[in-house]
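To start, the structure itself, in structure tokens.
The values are calculated or read from the model by the stated rules, or taken from the named source; none is laboratory data. Not measured: the values here are computed from a predicted model. Glycine also receives a Cβ, built like all others from the backbone with ideal geometry; neighbour counts cover every protein chain displayed.
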Amino acid sequence: MLPFVRRYTQSLVVGMQRLTEERFLGLLTERQNSSVLDVGCGSGEFSMRIAQKVGTETIVGIERLSPFAKMASNRGVSTILSDASNIFPFKDEVFDVVTANQIIEHLNNTDVFIKEIRRVLKQDGYCIIATPNLSGLQNIISLIMGYQPPTAEVSDEFSGCGNPFHPHKNSVGGWIAHRRLFTAAALKSLFEMHGFKCERITGFGLHPLPLFMSRLITSPRYSPIIAIKARKATLIR
């Protein structure tokens, strides 16, 4: 029974990744020749899809891992080797759009991250940030059963500690586990406190439903992944 459940959750994770990318792209506004920054651009494959959806031929990426940064550069992303936790190496107000897909949860200082997004955005520019949902149904079910929520890892070396149903149970890796987990309400509140106006907050799917059912649900309260589209507002001191 346990191996079957784990294989099922693994398939959900793969399907959820595709759904997340599809819905993330759907939040973008097409605007020819926009300047776009993708934070945590990885190999650059998704960054180029972002550029295509927006309607620009150029996109800048920040990536902390050199092998991925090289792959992104080879794909056409103007890649800066840097850590998203640091001050961004750009002047003020240079980008129309800033994106970050499942990056914010890995950062120790989310306030610096959001402040930097706001600083580099042009007036009336916007950002789209996606992150795992602390109140996702799969986390609630895990807690009720007395298990560690899948998105709340306790180790940077071993995955799935304390949850026998974790899709990557006992995997060994050199990743940075999640540092900050958000509910939709907290994500919206923090961006507003940092001078953004929330245009939309949404969820992608619903675990543990099969993907064909899950993709019909957009619940910011219980979906496994949430996303905010927030526009730079004028700060009133």
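Laid out as a table, the results:
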{"item": "Pick from the stretch 192-237, criterion free of Cβ contacts under 8 Å to residues at least 40 places away in the same chain and among the charged types (D, E, K, R), ranking: farthest from Gln10 (Cα to Cα)", "result": "Arg237"}
{"item": "Qualifying residue in the stretch 23-30 (condition: out of contact with any helix residue (DSSP H, G or I) (no Cβ under 8 Å at 6 or more places or on another chain) and outside any helix (DSSP H, G or I))", "result": "yes"}
{"item": "When residues of the stretch 33-54 are limited to those that are surrounded by fewer than 18 Cβ atoms within 10 Å (Cβ to Cβ) and over 14 Å from Ile128 (Cβ atoms), the one modelled with the lowest pLDDT", "result": "Asn33"}
{"item": "Neighbours by Cβ (under 6 Å, 6+ apart or cross-chain): first from the stretch 55-75, small (Gly, Ala, Ser); second at pLDDT below 95", "result": "Gly55/Glu30; Gly55/Gln32"}
{"item": "Number of positions in the stretch 202-217 that are outside any loop (DSSP other than H, G, I, E, B), at pLDDT 90 or above and over 13 Å from the mean Cα position of the chain (by Cα)", "result": "1"}
{"item": "Number of positions in the stretch 185-202 that are of a type in the set (Asp, Glu) and surrounded by 14 or more Cβ atoms within 10 Å (Cβ to Cβ)", "result": "1"}
{"item": "Qualifying residue in the stretch 122-131 (condition: farther than 27 Å from Leu28 by Cβ and of a type in the set (Asp, Glu))", "result": "no"}
{"item": "Thr183, sole failed condition from (1) of a type outside the set (A, V, I, L, M, F, W, C); (2) within 20 Å of Leu206 (Cα to Cα); (3) touching a Cys at 6+ places or on another chain (Cβ under 7 Å)", "result": "(3)"}
{"item": "Boolean, His168 is within 22 Å of Glu45 (Cβ to Cβ), in a loop (DSSP other than H, G, I, E, B), in contact (Cβ under 8 Å) with a residue 24 or more places away in the chain and not polar (S, T, N, Q)", "result": "yes"}
